[in-house]
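Some notes on the structure that comes next.
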Amino acid sequence: MSIARPTFLAVLVAAVLLALGSSVSAFEGEGPLYEAAKKEGALTWYTAHYNSDTAAAVCAGFEKKYAGIKCNYIRTTAQVAYQRLAQDQKAGIAAASVISSTDIGHYGRMKKDGWLVAYRPKSLSDLIDAFKPFNDPEDMYVITAAGLVLLTYNTSLVSAADAPKKWTDLLDPKWKGKVSIGHPGFSGYVGTWVVQMRKLYGWDYFKKLELNKPRIGRSINDTVTMLNAKESWVAAGPSATTLQSRDKGNPVAVVYPEDGALLMISPSGILKNAPAPNAARLFMEYLLSKECNEIMVKLRNDSVNKHVQPLPGAKSLADVKTIRPTYEEILKGIPEVKEQFRDTFGI
Amino acid sequence: MSTAAEARSYRLRWRHLDKSLFVWVLLIGVLLVLVINPLARLLWASFQDGETGALTLGNYAVAYGRWRYLEALGNSLVLGVAVAALCTVFGVPMAWAVSRTDMPGKGLVWAAILGTFIMPSYLGAVAWILLAGPNAGWLNRAWMALTGTAAGPLDVYTMSGLVLIVACYSFPYMFVFTRSALDLISSEMEEAAATLGAGVVRTTLRVTLPLTLPAILGAFIVEFLEAIALFGAPALIALPGRFQVMTTMLWQFFEFPPKVEVAAAYAMPLLVITVVLFWLQRRIIARKGFVALTGKGGERRPLRLGAWRWPMLGYCLFVTSLSFFLPMLVVLHAAFAKAWGRGVALDNVTLHNLKFVLFDQSTTQAATIHTFVYGGTSAAFALGLALAIAYIVHRRLVPFGGTLSYIAMAPFVIPGIVLAIGFYAAYTTRPLVLYGTAWILILAFTTRFLPIAYANSDAAIRSVNPELEDAVRILGGSRRLAMRRVLAPLLKRGLAGAFILVFIPATRELSSAIFLYTTGTQVLSVLLFDKSDEGNFEILSSIGLILVVITVVLVMLGFRLVGRDFMLKRTTA
């Protein structure tokens, strides 16, 4: 008995500590917010930030962390997500609670049209500091996803030594008929990349690229298919999908360009007519959380939480030389380069 | 006294009144709501200013004000005509061989055509990129290895490449239309020609083919319209091939900020084209009497091809290799590969992709069920409606019947993406809010594939001589009795085919689904399309494979349920 009692006590204390530990709030006010969100039961999330595997995993992680709230995701491209939302708004339908587009221009428009509602996540301090300037000063949207556009190649066709090292290497005539890129009229990633290339090297870059007759797909992810099919040897591709494909054993690899990998950072916002406003807030906190970013990193997306490190084989964003146009440059530039792109490439 | 007599006379008149009239009126109402409402919204939008809503012709000025836009329209016309022509080359000889000759291996050919039809064209297009990509396509590499040349002859990223792919996935319409027409022609006519000294070729060209001409023309138009309204395959092939077609151009109008009004204006001439084509088809057919199913018996004996049996089978297998066997090989390879970029190797084989798609991903399971439930429901709706309309038109039960057939054919020219916008606009506001429910998808699919159902029902009803029903009516039977005991049995087989012709495209329909689905109503085509630009070809192929396999099983089951004669027919006739 005299031995059993302290053991019992120790177990009790441990249990209490454990219970406390697991219920320690990830952020201030988590408990009441969770309770309020649970009453709403479910939230719908329109997202273009990642592919559907990642979106599914992020949703599943949310449902696990906050049992009792169902997470429905609709994953499409940025343009379609926006179109859906626009139709919803026009018809007065309250379907989505959170919107995650990759075209930053959408946010300016949504804000102007009064579709968004301000919320400053309590977990904002966990966001990588370099991203903070891109948040809306009025808290209408916050950066929740990051990725890179970089040089990619098929390792069974191109040796690491021969692989392009900087963006201008894609102009080398030895890649004629072997370069793959996406289309700015479809992909927000590609649009931003074209704006950045124009900024660095002028439109001449694309006139010269046209001499190499690049294979133009729609999404930036199409370049991964082209490389795997050996139809293209090198590409301007995305980090996440390329590395995901490499993890499966496909012969693809990435090069962080010397003149800078294009940093894509994409915000999320809460809709004013959100049917589940509390769940939406909770979800925004979750998107910044350690758990969620660990899931993203596992699927080769980049973390936006400064405490989560990437898996081996991918560099931390902090160690990569990144480049990025300003918000104004993107907003003004994407419609311009779409036209220029069509004039130069004929589609 | 007089009032009682009056009442009796009313009762008598009521009793003799054809009660089916009410059903006809109701059905016409449904047709108007399904087709006219979204189209009217579209037409209205084309004359509306996007910002202010004021009436304007500005959208037309924008839509036709640039050479690039016009060029895309021109490309679509070229694509449509070339595809329809190639489909005729592919489909008609095969239909003739399967229906009228003693060619061996008919079961295999028929199964391959069914497989082709079930395979979504965007899945086929991805497979063809692997087969005929100019740098690394399997066929090109095989050619290079065989001939020792430095480059292969094929380039999928061209207009001819696109024509081939689109034709591969739409020639089954031509095959089925022609075949059902051929199945109805009795051998007596051919034998009469033979007795009078005509050879096989002459008989076929002068007797058999002219009798099937209406079916071939109908299919030609369907092929043309299908080709110009397609979005998936052109997006995969035309863009990398550096040319635009109408649907990829429409995509541009939906870009941020979306110009729905301009898109509506841009889609309008296609309606005109359909109307003209339809009118043309009518005129060609109207000159000749083409009633072949007279109920006067008639036997169908297969034509003996002799030594030509094998080249004929060779041709059938050649076409189905292009459309089904080769692409399926690619899909199978990717579905069972750990990493499809590594090529064929034993240590690269895995069941993980299929297991993941089937068991680990709840979205796929739900989407699979939705796909087939929606497909089946819309096929039933479309067919019921189309049959009724075709019957009304041909038996001249109401005035202006001809207009109804135009309306029933109209949805075919509306690209799915535009139809979806029309539906969205029409059914997200009161009085009928369908958005967010399965009904909006089912009704959109019904509308979208109504023309296929109609073209089939039209051909089926046209082939049945009204004398057969008139006989029933003369003998005192009601119209209902005539329909149940005469029409239904005669049409049963053709309709089973028609059901499947609507069901299959509904299971793979993408362009309208992508705008109308919500979280609770996802379908497989949407999942597939997501994967097509995600570079995740292993999973894409697994989902594609599941779609193809389940549809094949369901269709086979359907054949068995509807009537064994269908199956027997294909193996013995």
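Are there any pairs, at least 6 apart or on different chains, whose C-beta atoms fall under 6 Å, with the first in region B:120-133 and within 11 Å of chain A (Cβ to nearest Cβ) and at pLDDT below 85 and the second surrounded by fewer than 24 Cβ atoms within 10 Å (Cβ to Cβ) and in a helix (DSSP H, G or I), and if so, which?
B:L130/B:V330
Cβ-Cβ distance below 7 Å, separation of 6 or more or different chains: which pairs start in region B:415-427 with a residue that is modelled with pLDDT of 70 or more and end on one that is surrounded by fewer than 24 Cβ atoms within 10 Å (Cβ to Cβ) and charged (D, E, K, R)?
B:G422/B:R41; B:A426/B:R41
Determine which member of the set A:L209, A:L227 is within 10 Å of another protein chain (Cβ to nearest Cβ), assigned to a helix (DSSP H, G or I) and either touching a residue at least 24 places away in the same chain (Cβ under 8 Å) or surrounded by fewer than 21 Cβ atoms within 10 Å (Cβ to Cβ) (or both). Step through it out loud before you land on a result.
Details: A:L209 fails: within 10 Å of another protein chain (Cβ to nearest Cβ).
Every option except A:L227 fails the conditions.
Failed condition for B:M144, given (1) at pLDDT 85 or above; (2) under 21 Å from B:M328 (Cα atoms), with all others met?
Of (1) at pLDDT 85 or above; (2) under 21 Å from B:M328 (Cα atoms), only one is false for B:M144: (2).
Name the residues in region A:230-265 that are in contact (Cβ under 8 Å) with a residue 60 or more places away in the chain, surrounded by 19 or more Cβ atoms within 10 Å (Cβ to Cβ) and among the hydroxyl-bearing types (S, T, Y), would you?
Within region A:230-265, A:S232, A:S239, A:T241, A:T242 qualify.
Answer yes if at least one residue in region B:149-166 is over 26 Å from the mean Cα position of the chain (by Cα) and under 20 Å from B:M328 (Cα atoms), and no otherwise.
Filtering region B:149-166 for residues over 26 Å from the mean Cα position of the chain (by Cα) gives B:149-155.
Now narrow it down to the ones that are under 20 Å from B:M328 (Cα atoms): B:154-155.
Yes, region B:149-166 contains a residue that is over 26 Å from the mean Cα position of the chain (by Cα) and under 20 Å from B:M328 (Cα atoms).
Having 3 or more residues that are closer than 30 Å to B:I118 by Cα is the bar; report the helices (runs of 4 or more DSSP H) wholly within region B:170-278 that clear it.
B:209-229, B:232-237, B:246-253
Could we say that B:Y435 is part of a helix (DSSP H, G or I), touching a residue at least 40 places away in the same chain (Cβ under 8 Å) and not small (G, A, S) here?
The answer is no for B:Y435.
When the residues of region B:196-236 are narrowed to those that are within 14 Å of another protein chain (Cβ to nearest Cβ) and over 20 Å from B:Y173 (Cβ atoms), which ends up surrounded by the most Cβ atoms within 10 Å (Cβ to Cβ)?
Going through the qualifying residues, I end up with B:L236.
Go through (1) modelled with pLDDT under 85; (2) buried (at least 24 other Cβ atoms within 10 Å of the Cβ) for B:L568 and report which single condition fails.
(2)
Checking the conditions here, which among B:V464, B:V523 is surrounded by fewer than 24 Cβ atoms within 10 Å (Cβ to Cβ) and either closer than 21 Å to B:I28 by Cβ or of a type in the set (V, I, T) (or both)?
Checking each option against the conditions leaves just B:V464.
Give region B:525-545 a look and list any residue that's over 21 Å from A:L299 (Cβ atoms) and either within 8 Å of chain A (Cβ to nearest Cβ) or at pLDDT 90 or above (or both), or say none.
If the condition is that a residue be over 21 Å from A:L299 (Cβ atoms) and either within 8 Å of chain A (Cβ to nearest Cβ) or at pLDDT 90 or above (or both), then B:G544, B:L545 are the ones that fit.
Quickly run through region A:42-73 and pick out the residues that are in contact with a helix residue (DSSP H, G or I) (Cβ under 6 Å, 6 or more places away or on another chain) and free of Cβ contacts under 8 Å to residues at least 40 places away in the same chain.
Of everything in region A:42-73, those that are in contact with a helix residue (DSSP H, G or I) (Cβ under 6 Å, 6 or more places away or on another chain) and free of Cβ contacts under 8 Å to residues at least 40 places away in the same chain turn out to be A:S52, A:G68, A:N72, A:Y73.
If you go through region B:420-432 one residue at a time, do you hit one that is under 30 Å from B:A235 (Cβ atoms), within 14 Å of another protein chain (Cβ to nearest Cβ), aromatic (F, W, Y) and not in a helix (DSSP H, G or I)?
There is no residue in region B:420-432 that is under 30 Å from B:A235 (Cβ atoms), within 14 Å of another protein chain (Cβ to nearest Cβ), aromatic (F, W, Y) and not in a helix (DSSP H, G or I).
Can you tell me which residue within region B:134-169, out of those that are in a helix (DSSP H, G or I), closer than 18 Å to B:P234 by Cβ and not β-branched (V, I, T), is farthest from the other protein chains (Cβ to nearest Cβ)?
B:A167
Of everything in region B:172-197, what is of a type outside the set (D, E), in contact with a Ser or Thr (Cβ under 7 Å, 6 or more places away or on another chain) and touching a residue at least 24 places away in the same chain (Cβ under 8 Å)? Give them in sequence order.
B:P172, B:M174, B:T178, B:R179, B:A181, B:L182, B:L184, B:I185, listed by residue number.
The values are calculated or read from the model by the stated rules, or taken from the named source; none is laboratory data. Bear in mind the structure is a predicted one, so any value in this text is a computation, not a measurement. Neighbour counts run over all protein chains shown; Cβ positions are idealised from the backbone, glycine included.
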